[in-house]
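What follows is a single structure, written as structure tokens, with notes after it.
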Amino acid sequence: MMKKIAVLGSTGSIGTQTLEVVSNNQDMKVTALAAGSNIELLERQIREFKPALVCVWDEKKAMELKVSVKDTDVKVVSGMEGLLEAAVETEAQTVVTALVGMIGIRPTIAAMNAGKDIALANKETLVTAGHIIIPLAREKGVRILPVDSEHSAIFQCLNGENTRQVHKLWLTASGGPFRGRKREELEKVQLEDALKHPNWSMGPKITIDSSTMVNKGLEVIEAKWLFGVDIDQIQVVIQPKSIIHSMVEFEDGAVVAQLGTPDMKLPIQYALSYPERRFLPGDRLDFWTLKEIAFEKPDFDTFFGLKLAYEAGRAGGTLPTVFNAANEYAVREFLNRRISYMEITEMIQKAMEHHKAAADPTVEEILRTEQETYEVLKHF
């Protein structure tokens with residue numbers, strides 16, 4: 001039977017790798033694509049995968065694309081309205097949410113309301129709206145299948161287990177390019193240094209988040225919602241080679257780990273073919289050359305963003321939205337060379353201190369909190 005998939009964020013790192021997975025599986029078909037503004041790549045994707053519907057966030061670019069692909073049958077839409085249309089495209093059974101940022105919340109909710117399973121690669125959705133998303137998934141009987149390598153690892157470790165017997169989740173982190181450095185050594189970090197990740201190939205925003213360990217903080221909050229555990233049951237451990245993708249410790253002391261090479265196509269394919277495992281071309285772990293796996297404790301003082309994430313996750317309500325929105329704003333400023341590297345976490349802290357948290361926010365309140373956070377930081 002043909003598995004039909006919509007990919008939101010098809011021109012980004014996760015989106016392009018998702019389409020590679022689709023190419024390798026004859027029984028998978030793409031019915032809708034959505035992207036921001038990269039219409040050159042999007043046109044190539046349209047011609048290869050022949051989706052029925054395509055959304056371009058940028059309206060002007062959407063008009064350009066319409067002209068370029070007028071020889072095809074694809075329907076081109078734009079903006080949030082178009083994104084929502086792509087999320088609920090009739091044929092799609094699974095929606096891959098590979099959008100970066102809080103823009104992913106509304107399409108995810110729309111897709112779930114339409115009965116679609118979610119292959120979740122958009123952290124912000126659960127970080128800011130987990131209290132809405134998880135109950136909605138239960139109500140609609142849809143599955144949330146994690147695409148993040150760490151959450152996929154935990155999902156795989158929990159297969160067939162009683163989740164009530166989980167004692168602790170161990171989220172592994174490579175430590176990024178600045179592992180082992182102290183705070184004063186990071187004062188002079190340049191953009192180029194922060195964009196060099198030792199193990200993974202990712203987009204610029206996530207690469208910076210990985211270097212500050214804010215990415216791991218977002219994953220901690222996300223894991224709390226995905227696996228129904230308390231934030232303090234989630235422990236971060238540095239595993240520099242990214243061989244162990246994460247672990248689950250049970251009440252009896254048993255620890256189950258998922259290992260593999262650092263290849264995002266594995267968690268993507270597992271989410272799309274679940275519960276089936278399929279052959280995936282690529283490198284395999286070689287235990288003879290591996291010899292050892294090293295672990296380190298995270299440095300919460302240098303990588304202060306991780307500490308702030310735990311604070312936001314414990315408080316809940318609108319505070320995780322502030323944490324996330326402040327980081328999005330600060331990273332954008334850093335990528336545009338308007339602030340220094342250390343100011344990223346300073347901005348997050350400032351925004352969190354300024355905010356008066358509210359419990360159980362609606363989607364509208366979450367999005368309003370995001371805008372308010374941006375406004376506060378403009379005057380930082």
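The values are calculated or read from the model by the stated rules, or taken from the named source; none is laboratory data. As the structure is a computational prediction, the values presented were derived from the model and not from experiment. Positions of Cβ are backbone-derived with ideal geometry, glycine not excepted, and every protein chain shown enters the neighbour counts. Please note that ligands, DNA and RNA were not included when accessible areas were found on the heavy atoms of the full protein model with its side chains. Shrake-Rupley method; radii C 1.70, N 1.55, O 1.52, S 1.80 Å.
Within the range 126-143, the residues that satisfy the criterion of being touching a strand residue (DSSP E or B) at 6+ places or on another chain (Cβ under 9 Å) and either surrounded by fewer than 24 Cβ atoms within 10 Å (Cβ to Cβ) or at pLDDT below 95 (or both) are ILE133, ILE134, ALA137, VAL142, ARG143. Screening PRO320, PRO298 for residues that are touching a strand residue (DSSP E or B) at 6+ places or on another chain (Cβ under 7 Å) and surrounded by 15 or more Cβ atoms within 10 Å (Cβ to Cβ) leaves exactly one candidate, PRO298. Scanning the range 109-124 for residues that are in contact with a Gly (Cβ under 9 Å, 6 or more places away or on another chain) and either at pLDDT below 95 or farther than 25 Å from GLU328 by Cβ (or both) yields a total of 4. In summary, helices (runs of 4 or more DSSP H) completely within the range 1-84 and bearing 3 or more residues that are charged (D, E, K, R) occur at 39-49, 59-68. For ILE348, the criteria (1) touching a helix residue (DSSP H, G or I) at 6+ places or on another chain (Cβ under 6 Å); (2) not in a helix (DSSP H, G or I) hold in every case but one, which is (2). Give the residue that is most open to solvent (accessible area, probe 1.4 Å), with candidates limited to residues of the range 351-378 that are within 16 Å of ALA309 (Cβ to Cβ) and part of a helix (DSSP H, G or I). Of everything passing the filter in the range 351-378, GLU353 is most open to solvent (accessible area, probe 1.4 Å).
Which residues, counting only those in the range 161-211, are open to solvent by 60 Å² or more (accessible area, probe 1.4 Å) and of a type in the set (Lys, Arg)? Matches in the range 161-211: ARG164, ARG179, ARG181, LYS182, ARG183, LYS188, LYS196.
Within the range 52-104, being open to solvent by 50 Å² or more (accessible area, probe 1.4 Å), under 24 Å from the mean Cα position of the chain (by Cα) and touching a residue at least 60 places away in the same chain (Cβ under 8 Å) holds for GLN93, VAL100.
Among the listed residues LEU335, LEU308, which satisfies the condition of being touching a helix residue (DSSP H, G or I) at 6+ places or on another chain (Cβ under 8 Å), open to solvent by 40 Å² or more (accessible area, probe 1.4 Å) and under 19 Å from MET213 (Cβ atoms)? Break it down into steps so the answer makes sense when it comes.
Numbers: LEU308 fails: open to solvent by 40 Å² or more (accessible area, probe 1.4 Å).
Among LEU335, LEU308, only LEU335 is touching a helix residue (DSSP H, G or I) at 6+ places or on another chain (Cβ under 8 Å), open to solvent by 40 Å² or more (accessible area, probe 1.4 Å) and under 19 Å from MET213 (Cβ atoms).
Of all the residues in the range 228-244, those that are open to solvent by less than 40 Å² (accessible area, probe 1.4 Å) and either among the polar types (S, T, N, Q) or more than 30 Å from PHE287 (Cα to Cα) (or both) number 4. Would you confirm, using the coordinates I've provided, whether PHE250 is surrounded by 15 or more Cβ atoms within 10 Å (Cβ to Cβ), in contact with a strand residue (DSSP E or B) (Cβ under 9 Å, 6 or more places away or on another chain) and under 22 Å from ASP230 (Cα atoms)? It is true that PHE250 is surrounded by 15 or more Cβ atoms within 10 Å (Cβ to Cβ), in contact with a strand residue (DSSP E or B) (Cβ under 9 Å, 6 or more places away or on another chain) and under 22 Å from ASP230 (Cα atoms). Does GLN45 fit the bill of being at pLDDT 95 or above, closer than 14 Å to LEU99 by Cα and among the polar types (S, T, N, Q)? Taking the combined requirement at face value, the residue does not satisfy it. Taking the criterion of being within 15 Å of VAL22 (Cβ to Cβ) and acidic (Asp, Glu), the only residue of the range 33-57 that qualifies is GLU48. Cβ-Cβ distance below 7 Å, separation of 6 or more or different chains: which pairs start in the range 144-173 with a residue that is under 19 Å from LEU8 (Cα atoms) and end on one that is among the hydroxyl-bearing types (Ser, Thr, Tyr) and surrounded by fewer than 21 Cβ atoms within 10 Å (Cβ to Cβ)? From residues that are under 19 Å from LEU8 (Cα atoms), the pairs are LEU145/TYR274.
Listed by position, the helices (runs of 4 or more DSSP H) contained in the range 103-157 that have at least 3 residues being polar (S, T, N, Q) are 149-157. Of all residues assigned to the range 40-47, none qualifies as being open to solvent by less than 30 Å² (accessible area, probe 1.4 Å), more than 21 Å from the chain's Cα centre (by Cα) and farther than 25 Å from PRO267 by Cα.
The helices (runs of 4 or more DSSP H) found wholly in the range 251-333 and carrying at least 3 residues that are of a type outside the set (Val, Ile, Thr) and under 20 Å from the mean Cα position of the chain (by Cα) occupy 265-273, 304-315. The set of residues in the range 105-120 being aliphatic (A, V, I, L, M) and open to solvent by 20 Å² or more (accessible area, probe 1.4 Å) consists of ILE109, ALA110, ALA114. Looking at the range 168-242, the helices (runs of 4 or more DSSP H) lying wholly inside it that each contain 1 or more residues that are among the polar types (S, T, N, Q) and at pLDDT 90 or above sit at 204-212, 214-227.
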